[in-house]
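Trainee: Take this structure, written in structure tokens, and hold onto it; I'll ask about it next.
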Amino acid sequence: MFAAKMATAGKVIKCKAAVAWEPNKPLVIEEVEVAPPQANEIRIKIVATAVCHTDLHQLLENTHEDCFPTVLGHEAAGIVESVGPGVTEYKPGDKVIPLFLAQCRECRFCKSPRTNQCDKAWLFPESRFTCRGKKVLQFSGTSTFSEYTVVNQMAVAKIDPAAPLDKVCLIGCGICTGYGAAVNTAKVESGSTCAVFGLGAVGLAAVMGCQAAGAKRIIAVDINPEKAEKAKVFGATDFVNPKDHSKPISQVLSEMTDGGVDFSLECVGSVAVMRSALESCVKGWGVSVIVGWTDLEDFSARPLQLIAGRTWKGSVFGGFKGRDDVPGMVKAYMDKKLKVDEFITHNMTLDQVNDAIELMKHGKCIRTVLNVSPQ
Ligand code: NAD
Ligand code: ZN
């Protein structure tokens, strides 16, 4: 590690990355140049990165031309290669998880225990990537489909040096997002009945969060019947496929639960499912949390749903403050209190990133981990 630091610190690194040149096209494995970290920045050697549906959303749905070319990827773990001026909390050799949601620790949102919506969170630093003489944009301030990336120190969590990076990379997005949406945002109560819509890694982590919070019944909902077995592993007590019913799914759940569930979580990213999840909640106290990602459409609901006492909320990164809370989630995994391995259905290399994207597009994986560099 020390030798590598001596060799590359302060210099441009030429390395391999998967570049998305334009929307809706396969990524291209290219040689990119990664500039050294500037003030308050950290250059990270990515060891492992997984593919999350938000990467697909950016590539296939959020297709503004001005978002391209870009390097996608935001669920990863790696090792600090070098640090820029002003960085004191991190040093070369530290094991880290990059954060797509920064935590500056100084703004009014960071100072409040009620939210993780740091004011600096969506102010991403200038990209340090170039390829074929062109600037390549960073995605979510992270860009982990690359052997190296540069991230602001506000967006880095230092983790246990013993943590296996090819596993805990999932804590960088999907696991915290779903688990936290249940325990931090919905605040699922012991003995309650829950419904989770969408059983990708995010939804399965939400099921795991409901179970950890003591829910007595957890109804897993997905249109893909292949997800049923996996949902049981994380604690689901029932599985419902909306396609097996001619009635609306909210009515099916209402009949199963004497009027609706106490908590519902939408982990799909569809405005129609968001509405169904809200309508599946019981009147009076039901809480529905939007976790799925979309910003392309408005949603609609009948006001009476809320007037009758339901609460509709949203959640980013499960409400976790990344720098403070991610190390604890890694520890929970190391202490065998949090499942992580069970989410990983495929292991591949960075060169196979398009295969990993295809698997997710067709619902054939939970998480594919791309092994980028040796640990
Ligand atoms: P995924 O593609 O692995 O899983 C989505 C699941 O939803 C699939 O199993 C699919 O079969 C199911 N589904 C599709 N339509 C459905 C329907 N009508 N009813 C029920 N189930 C349906 O995706 P993922 O990586 O688990 O991500 C899930 C969502 O969470 C995405 O929208 C993603 O962008 C979002 N996300 C949000 C945050 C956040 O901070 N809020 C973070 C990460 C991901
Ligand atoms: Zn993600």
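The values are calculated or read from the model by the stated rules, or taken from the named source; none is laboratory data. The structure displayed is predicted, hence computed values, not measured ones. Backbone-built Cβ (ideal geometry, glycine too); neighbour counts: all protein chains shown. Heads up: the accessible areas ignore ligands, DNA and RNA and are worked out on the full protein's heavy atoms, side chains in. Shrake-Rupley method; radii C 1.70, N 1.55, O 1.52, S 1.80 Å.
Trainee: At 25 °C and 0.890 mPa s, grab the translational diffusion coefficient of segment 1-140 from Stokes-Einstein with a Kirkwood Rh over Cα pairs, rounded to a whole number in µm² per second.
Mentor: 150 µm²/s
Trainee: For a test of the definition: using alpha carbon positions, the gyration tensor, and the 1.5 limit on a/c, classify segment 63-144 as rounded, prolate or oblate.
Mentor: The shape class here is oblate.
Trainee: Could you pull out every one of the aspartates and glutamates with an alpha carbon less than 13 Å from that of K216, ignoring same-chain neighbours closer than 8 positions?
Mentor: Filter leaves E189, D238, D262.
Trainee: Another one. Enumerate the aspartates and glutamates that K16 could reach by cross-link, defined here as Cα to Cα under 16 Å, with residues fewer than 8 away along the same chain left out.
Mentor: Filter leaves E30, E31, E33, E81, E147, D351.
Trainee: Roughly what % antiparallel, to the nearest 5, for the DSSP beta bridges in the chain?
Mentor: Approximately 55 percent, going by the DSSP bridge assignments.
Trainee: In addition: Which Cα, out of C118, V83, Y179, lies furthest along the positive dipole direction of segment 43-198 (beta carbon charges, K/R +1, D/E -1)?
Mentor: Result: V83.
Trainee: Rg (Å, one decimal) plus Dmax (Å, integer) for the alpha carbons of segment 112-264?
Mentor: In Å, with Rg to one decimal and Dmax whole: 19.4, 62.
Trainee: Looking at segment 283-346, which trypsin sites (Lys or Arg not before Pro) are in a loop (DSSP not H, G, I, E or B) and have at most 12 other Cβ atoms within 10 Å?
Mentor: K336, K337
Trainee: When only Cα pairs under 8 Å and 6 or more residues apart are kept, what is the percent relative contact order across segment 108-168?
Mentor: Normalised by residue count, the contact order of segment 108-168 is 19 percent.
Trainee: Just need the relative contact order of the chain here, percent rounded to a whole number, with Cα pairs under 8 Å and 6+ apart.
Mentor: That works out to 18 percent.
Trainee: Please list K134, K243 in order of solvent-accessible area, largest first, computed with a 1.4 Å probe with all protein chains present.
Mentor: So, going from the largest accessible area down, we get K243, K134.
Trainee: Hey, which aspartates and glutamates would be in cross-link range of K232, C-alpha to C-alpha under 17 Å, not counting anything within fewer than 8 residues on its own chain?
Mentor: D222, D341, E342
Trainee: Per residue, how big is the convex hull of the chain when only Cα atoms are used? Give it in Å³.
Mentor: Taking the convex hull of the Cα positions in the chain, it is 129 Å³ per residue.
Trainee: For an R0 of 25 angstrom, estimate the FRET efficiency from the Cβ-Cβ distance between K337 and R105 and round to the nearest 0.05.
Mentor: Result of the calculation: an efficiency of 0.45.
Trainee: Mind checking segment 65-94 for GluC sites (Glu not before Pro) that DSSP puts in a loop (not H, G, I, E or B) and that have at most 16 other Cβ atoms within 10 Å?
Mentor: E89
Trainee: Is the shape of segment 192-319 best called rounded, prolate or oblate, per the rule: a/c under 1.5 gives rounded, else a/b larger than b/c gives prolate, else oblate, with a ≥ b ≥ c the square roots of the Cα gyration tensor eigenvalues?
Mentor: Verdict is rounded for segment 192-319.
Trainee: Quick one: of K95/K230; K95/K187; K25/K364; K111/K158; K135/K321; K25/K313, which pairs are farther than 23 Å apart, Cα to Cα?
Mentor: K95/K230; K95/K187; K135/K321; K25/K313
Trainee: Treat every Asp and Glu Cβ in segment 1-155 as -1 and every Lys and Arg Cβ as +1, leave all other atoms uncharged, and give the resulting dipole magnitude about the Cα centre to the nearest 20 debye.
Mentor: Its charge dipole is roughly 460 debye.
Trainee: Given the rule -39500 (n - 2.57) for each run of at least 4 DSSP H residues, summed and divided by the residues of the chain, what is its mean residue ellipticity at 222 nm, to the nearest 500 deg cm²/dmol?
Mentor: -6000 deg cm²/dmol
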